[in-house]
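Asker: Take this structure first; my questions come after.
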Amino acid sequence: MNASDAAPPAAGQGEDLPAVAPQLRALRRRAGLTLEAAARDAGLSPAHLSRLETGQRQPSLPMLLALARIYGTTVSELLGERVADQNAIVRAADMDPTRAAGWTYFQAGAPGRGMQALRVHAPYGTQGDIVRVHPGEEWLYVLKGRLRLRLGDATHLLAPGDSAHFDSLTPHRLAAEDPDGVELLFVHTLLQSPTAALCLGHLNGELL
């Protein structure tokens with residue numbers, strides 16, 4: 001059994017994402033995918049995806065990114081968020097935090113675009129073992145703290161003011177280097193391709 005199929009979180013843990021569960025099911029059906037097919041493409045078990053759709057489990061940010069690509073949508077739509085003006089100005093006071101699997105992130109751009117912009121805080125000790133591989137490009141900029149970025153076989157330590165721009169098909173990992181975590185700006189494209197299911201990788205036979 002994968003670590004992702006562990007027991008559901010304690011009551012209240014998933015309350016930060018109240019709109020995700022119904023949106024996940026609705027968007028999967030809109031995409032014409034069965035539970036089994038969507039789970040396979042996302043690298044999840046059908047049981048795990050079912051728990052996400054019923055609100056028994058809280059999706060991580062990488063899971064949201066994977067499902068958004070598979071369903072041909074954005075993380076914003078998965079979260080049930082709408083911005084009336086597509087040329088949106090997003091004020092800092094209007095950025096409500098969303099928490100998923102230890103990360104805190106803020107939508108910093110409008111939905112329905114070819115790229116998504118997030119402001120992210122990653123605590124120390126989370127996400128370091130998650131390997132991401134997916135179509136498109138990513139750009140990130142470290143605001144506070146230090147980020148350990150693994151790109152393929154190379155590891156880079158980024159300090160505040162440093163940035164990285166890379167092809168998302170390069171296997172990559174992100175982890176906070178300092179106990180206070182790391183805060184960064186994160187922009188990624190939402191390109192669709194037959195390899196979109198590679199958003200979540202595997203390491204040592206375990207789902208990451």
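Asker: What are the residues whose amide H is under 5 Å from the amide H of Ser168, where those residues sit 5 or more places off or on another chain and H is modelled from the backbone?
Answerer: Counting only residues 5 or more places away or on other chains, the set is Gly136, Glu137, Glu138.
Asker: Another question about this same structure. Using a 1.4 Å probe on the protein chains only, how many percent of the accessible area of region 112-184 belongs to carbon and sulfur?
Answerer: 51
Asker: Working out 0.36 nm times the residue gap between Ala92 and Phe166, then minus their Cα-Cα distance, what length gain in nm do you get to one decimal?
Answerer: Result: 23.9 nm gained on full extension.
The values are calculated or read from the model by the stated rules, or taken from the named source; none is laboratory data. Source: prediction; values computed, not measured. The protein model used for the area step is the full one, side chains on, heavy atoms only, and it has no ligands, DNA or RNA in it. Shrake-Rupley method; radii C 1.70, N 1.55, O 1.52, S 1.80 Å.
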